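Quick notes on the structure that follows.
Since every read-out is calculated from the coordinates, none of them should be taken as a lab result. On a predicted model such as this, the values are computed, not experimentally measured, just so you know. Cβ sites come from the backbone with ideal geometry, for glycine too, and all protein chains shown count toward neighbours.
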Amino acid sequence: PEQVDAAKARIKALLVRENAVLVAHYYTDPLIQALAEETGGCVADSLEMARFGSQHPATTLLVAGVKFMGETAKILTPHKRVLMPTLEATCSLDIGCPIEEFSAFCDQHPDRAVVVYANTSAAVKARADWVVTSSIALDVVAHLDAQGQKILWAPDKHLGGYVQKQTGADVLLWDGACIVHEEFKAQGVEDLKRRHPGAAVLVHPESPDAVVALGDVVGSTSQLIKAAQTLPNSEFIVATDQGIFYKMQQLCPDKTFHIAPTAGSGATCRSCANCPWMAMNALDNLEQTLRDGSNEIFVDKALGERAMLPLNRMLAFTK
Ligand code: 13P
Ligand code: SF4
């Protein structure tokens, strides 16, 4: 604990020295989330991270999360310096949607509005009409459907399938998945629910549809946190990365949270309900990048200008 306190004190001084603000996702190490809170930064879902970074006056954004979050920050504010604790932290959805194949897919379906999840590369965003996060995917697709538009959705097939079901829109799906959420098992959730009959089930829509079907609330990380606060239940079964428990427990100290079961367990399943890329963010690499300016995010200028359009559309949609 003394070492942690010392590291936190050094990082606080570096944030001031570099005129930087820490923008962290709910899945990062609780130490990082606490640090963001203590230093006037933010801990948020991917939509609010994007909004916070684009509005904050700091000249350097230190983004603790995965690469698409740093890229989004850079695209929205190209004049700012964007640093990340590591450049290795990617996302299986981003990996599973390479721009060449995606672009060809779009070319085959020119009659469809291209809606991509924020968990994609800058190049994929630049090919899109709309970028959405899980907190506004339903609303944006319902809006497009009401205008009679057909949709091409990428990359997460589970979120896309959920959106299709809820809105009834004509949605053509790309075949991508999150390796973390895909591991949640409906049978396990049902068994756990039998042992905790009063528990409400909170599910992130990147989970398989059989798990989503068991959700009392289905939503983005911030929507699940809100549900934990507002529902009267004192127990919850949560199907998303367990990093979210830091905020849930902080806001609801008297409530109990159980992680939804996954296929593996214990030591055989190190990344179960724990995104391996989010876990690459730590106090030491965070301090290092702030100290020497390493791990800066760069986005090609023309690509960034193109990708900024659907990103700004996303932010404007929920203003
Ligand atoms: P949220 O937008 O709900 O925070 O989700 C981001 C993410 O990567 C979920 O796995
Ligand atoms: Fe990507 Fe899944 Fe990790 Fe989120 S939890 S960053 S969707 S791999």
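Here the Kirkwood formula puts the hydrodynamic radius of segment 188-237 at 10.9 Å, using every distinct Cα pair.
All other residues whose Cβ lies under 13 angstrom from that of Lys185 are scored, Lys and Arg at +1 and Asp and Glu at -1, for a net of -4. For segment 181-268, the relative contact order comes to 34 percent (Cα pairs under 8 Å, sequence separation of at least 6). For the peptides 194-207, 66-79, the ranking by mean Cβ contacts within 10 Å, running from highest to lowest, is 66-79, 194-207. Counting charges near His204 (Lys, Arg +1; Asp, Glu -1) among other residues having Cβ under 15 Å from its Cβ returns a value of -4. Sorted largest first, the spans of the alpha carbon positions of segment 181-268 along the three principal axes are 30, 28, 24 Å. The alpha carbon convex hull volume per residue for segment 130-195 rounds to 104 Å³. Let me check against my output: what whole-number percent is the relative contact order of the chain, with C-alpha pairs under 8 Å and at least 6 apart? With pairs under 8 Å counted, the relative contact order is 22 percent. Across all directions, the average flat footprint of the convex hull enclosing the Cα atoms of segment 93-177 is 4.6 nm². FRET efficiency for the pair Leu231 and Glu190, taken as 1/(1 + (r/R0)^6) with r the Cβ-Cβ distance and R0 = 22 Å, rounds to 0.70. Cross-linked pairs Lys125/Lys150; Lys8/Lys67; Lys67/Lys226; Lys157/Lys185: Cα-Cα separations exceed 21 Å for Lys8/Lys67; Lys67/Lys226.
Ranked by the mean number of other Cβ atoms within 10 Å per residue, highest first, peptides 47-54, 247-254, 210-217 order as 47-54, 210-217, 247-254. Taking the radius of gyration and the Kirkwood hydrodynamic radius from Cα positions alone, what is the Rg/Rh ratio for segment 1-94, to two decimal places? Taking Rh as the inverse mean 1/r over Cα pairs, Rg/Rh reads 0.95. Seen from a random direction on average, the alpha-carbon convex hull of the chain projects onto 16.4 square nanometres. Residue-normalised convex hull volume from the C-alpha trace of segment 7-158: 116 Å³ per residue. For Tyr27, what charge total do you get from the other residues with a beta carbon under 11 Å from its beta carbon, if Lys and Arg give +1 and Asp and Glu give -1? For residues surrounding Tyr27, the net value is -2.
For Thr256, the amide hydrogen comes within under 5 Å of the amide hydrogens of Glu235, Phe236, counting only partners 5 or more places away or on other chains and with H modelled in the peptide plane. For Ala113, nonlocal amide neighbours, meaning residues 5 or more places apart or on other chains whose placed amide H falls under 5 Å from its own, are Lys150, Ile151, Leu152.
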